[in-house]
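Read the structure below first, then the notes.
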Amino acid sequence: MRATGAAAARPAAAGSTNLLVICKEPLPGRVKTRLTPPFSPAEAARLAEAALGDTLGTVGELPAARRAVVLDGAPGPWLPPGIEVVAQSAGGLDERLAAAFGACTGPTLLIGMDTPQITAADLAPVLSPAAWDGCDAWFGPAEDGGFWALGLADPDPELLRGVPMSVPETGAVQRRRLVDAGLTVRDLPRLRDVDTAADAVAVAALAPYGRFAAELARLTGTAVR
């Protein structure tokens, strides 16, 4: 991994779990394409950058052994100091997720960039000192049938390869893969991803003081309530 900046002024606590965020560089036409329309590609990219900013802001405050983005693209000014960068591998999403886990040693939690409403409380169970006592995996289901978080005590990439991604049954198939492997699985809260304009409004209302909500308000001229 390559460090991308100096340590933050107020370093987050150390922990025993690797914390990864899989994301795309927020460029127009490459991110949040389902927001277009009603938003333009440039506006959708601004919303994606704001969502990523909220996510990384939370990550930077959490106890972790390592904090990194698994990035498709190049880092930019949206990346805060103290977070490392790992390039995504080639292949489908299952292969990219598998490679991200395969490059880690020890307990690892991977989250996405589509849930800017996440809080430290949402992730506290998997980052606590006793998180892995009698537990092999943590699973964060998404309302659309996918998953927003996956934690593995032993980051075996074969637990992800071949799982169909971006379909309504993705989460069910992935969780079943864990159970069928004999793992003890604990669940995190069910959260809503930002995919559509309706998702954006609903998620912004859950975190009205975040960057994502502020950017949505700027673009729509409507304050989030």
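The values are calculated or read from the model by the stated rules, or taken from the named source; none is laboratory data. Computed from a prediction, not measured in an experiment: that's the story for all the values here. Cβ atoms come from the backbone with ideal geometry, glycine included; neighbour counts cover every protein chain shown. Areas reflect the complete protein model, heavy atoms only, side chains present, ligands, DNA and RNA absent. Shrake-Rupley method; radii C 1.70, N 1.55, O 1.52, S 1.80 Å.
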(message) So Val167 ticks every box in (1) over 16 Å from the mean Cα position of the chain (by Cα); (2) under 20 Å from Val70 (Cα atoms) but one. Which box is left unticked?
(response) (2)
(request) Mind listing just one residue for me: the one in the range 172-200 that is touching a helix residue (DSSP H, G or I) at 6+ places or on another chain (Cβ under 8 Å) and among the small types (Gly, Ala, Ser) and, of those, farthest from Gly145 (Cα to Cα)? (result) Ala181
(request) Look through the range 186-198, keep the residues that are in contact with a strand residue (DSSP E or B) (Cβ under 7 Å, 6 or more places away or on another chain) and open to solvent by less than 30 Å² (accessible area, probe 1.4 Å), and return whichever of them is nearest to Ala217 (Cα to Cα). (result) Asp193
(message) Need a quick list: helices (runs of 4 or more DSSP H) entirely within the range 117-225 having at least 1 residues that are under 19 Å from Gly92 (Cβ atoms).
(response) 170-180
(message) I want to confirm something. Restricting to the range 9-28 and keeping residues that are of a type outside the set (D, E, K, R), modelled with pLDDT under 95 and open to solvent by 40 Å² or more (accessible area, probe 1.4 Å), which single residue is farthest from Thr119 (Cα to Cα)?
(response) Ala9
(message) Suppose we filter the range 114-128 for residues that are open to solvent by 20 Å² or more (accessible area, probe 1.4 Å) and in contact with a Lys or Arg (Cβ under 8 Å, 6 or more places away or on another chain); how many remain?
(response) 1
(request) State all residues of the range 33-72 that are open to solvent by less than 50 Å² (accessible area, probe 1.4 Å), closer than 15 Å to Thr196 by Cα and either assigned to a loop (DSSP other than H, G, I, E, B) or modelled with pLDDT under 95 (or both); if no residue qualifies, say none. (result) Phe39, Ser40
(request) Among the candidates Glu169, Glu215, single out the residue that is more than 22 Å from Asp122 (Cα to Cα), in contact (Cβ under 8 Å) with a residue 12 or more places away in the chain and out of contact with any helix residue (DSSP H, G or I) (no Cβ under 7 Å at 6 or more places or on another chain). (result) Glu169
(message) Could you check the range 101-116 and list, in sequence order, the residues that are of a type outside the set (A, V, I, L, M, F, W, C) and assigned to a loop (DSSP other than H, G, I, E, B)?
(response) Thr105, Gly106, Pro107, Gly112, Asp114, Thr115, Pro116
(message) I'm checking my understanding of the structure. Among residues of the range 79-100 that are assigned to a loop (DSSP other than H, G, I, E, B), farther than 23 Å from Gly146 by Cα and open to solvent by 30 Å² or more (accessible area, probe 1.4 Å), which one is modelled with the lowest pLDDT?
(response) Gly82
(request) Return only the number of the condition from (1) in contact with an Asp or Glu (Cβ under 6 Å, 6 or more places away or on another chain); (2) within 25 Å of Lys32 (Cβ to Cβ) that Ala153 does not satisfy. (result) (2)
(message) Quick check on Asp94: is it out of contact with any Pro (no Cβ under 9 Å at 6 or more places or on another chain) and not basic (Lys, Arg)?
(response) no
(message) What's the total number of residues in the range 131-164 that are within 29 Å of Pro63 (Cβ to Cβ) and either open to solvent by less than 50 Å² (accessible area, probe 1.4 Å) or small (Gly, Ala, Ser) (or both)?
(response) 23
(request) Among what's in the range 90-146 and is within 15 Å of the chain's Cα centre (by Cα) and polar (S, T, N, Q), pick the residue that is nearest to Asn18 (Cα to Cα). (result) Thr108
